[in-house]
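The next block holds one structure in the form of structure tokens; read it before the comments.
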Amino acid sequence: MKQYFFRRRLKAMPKRNVRFPEWKNIRSIALLYPSDLMEKNPVIHRLQAELQAEEKNIVLIGYADKKDIISPILPQSRIYGQRHFTLLGTPTEATLHDLQIQMFDLLIDLSQQTILPLQYMAMYIRADFKAGMHLTDDGIHDLMIEMDAEDSMEHLAKEIVKYLKMIHSND
């Protein structure tokens with residue numbers, strides 16, 4: 001039932017103007033990921049440091065499947081939990097506003113399994129280009145990477161970045 005409502009909202013979303021920027025021109029990246037329950041996420045922080053070394057502005061956006069989140073919501077890092085979503089799985093108004101307040105050049109979705117709150121966040125985050133693992137044919141991502149589910153999140157991120165660096169555009 002929750003997936004039904006997700007698909008209806010997805011169909012109602014206005015079409016995005018997809019723009020593939022050259023890697024060298026990408027300035028802002030949203031890293032969307034499933035957070036560990038302790039909210040430490042060492043792999044994510046390592047990826048953030050690597051991308052910041054390339055002079056990219058990185059915003060971490062995570063989801064932990066628990067009610068109480070202990071991490072503060074900061075401009076460069078936020079973790080959402082069950083309280084940020086309704087019983088139907090849709091983002092609350094405050095969460096929706098928070099997800100849409102900033103525009104990114106690129107969204108890298110590091111989800112390796114279908115998690116409804118992460119699907120909603122990927123749908124609502126405003127980005128010119130969205131990349132992630134091929135989990136469903138929902139049309140959220142512009143670039144989908146085929147990999148085994150047991151591959152690490154870090155490997156997924158490196159593969160996405162590798163392919164984005166290989167592709168050249170006319171922007």
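The values are calculated or read from the model by the stated rules, or taken from the named source; none is laboratory data. This structure is a prediction, so every number in the text was calculated from the model and none was measured. FYI the Cβ positions are ideal-geometry reconstructions off the backbone, even for glycines, and counts take in every protein chain you see. Side chains are part of the model used for accessible areas, which takes the heavy atoms of the whole protein and leaves out ligands, DNA and RNA. Shrake-Rupley method; radii C 1.70, N 1.55, O 1.52, S 1.80 Å.
Potential lengthening of the chain between Asp65 and Thr136 amounts to 23.5 nm, from the contour at 0.36 nm per residue minus the alpha-carbon distance. In whole Å, how far is the Cα centre of segment 21-75 from that of segment 95-171? Here the two parts' Cα centres lie 12 Å apart. Each residue, Tyr4 and Ala53, gets one label point 7 Å from its Cα in the Cβ direction; the gap between the two is 5.0 nm.
Model label sites at Ile115 and Asp36, defined 7 Å from Cα along the beta-carbon direction, differ in position by 1.3 nm. Give the percent of DSSP beta bridges with both residues in segment 4-134 that are antiparallel, rounded to the nearest 5. Here the antiparallel bridges make up roughly 10 percent for segment 4-134.
Here the gap between Glu22 and Lys162, fully extended at 0.36 nm per residue and compared with their Cα-Cα distance, gives a gain of 49.2 nm.
Before anything else, pin down the relative contact order of the chain: Cα pairs under 8 Å, at least 6 apart, normalised by residue count, whole percent.
About 25 percent, as a whole number.
Could you point to the residue in Met121, Ala49, Pro34 farthest towards the positive end of the chain's charge dipole, with +1 and -1 charges on the Cβ of Lys/Arg and Asp/Glu respectively? Final value for the positive-end residue is Met121. Bridges between two residues of segment 77-171, per DSSP, are antiparallel at a rate of about 10%.
Per residue, the chain exposes 54 Å² of accessible surface when a 1.4 Å probe is rolled over the protein heavy atoms with every protein chain present.
The overall shape of segment 6-153 is rounded: from the C-alpha gyration tensor, with semi-axes ordered a ≥ b ≥ c, the ratio a/c is less than 1.5. For the chain, the fraction of 1.4 Å probe accessible surface lying on carbon and sulfur atoms is 55 percent.
Full extension of the chain between Lys15 and Leu74 gives 18.3 nm of extra length, using 0.36 nm per residue less the Cα-Cα distance.
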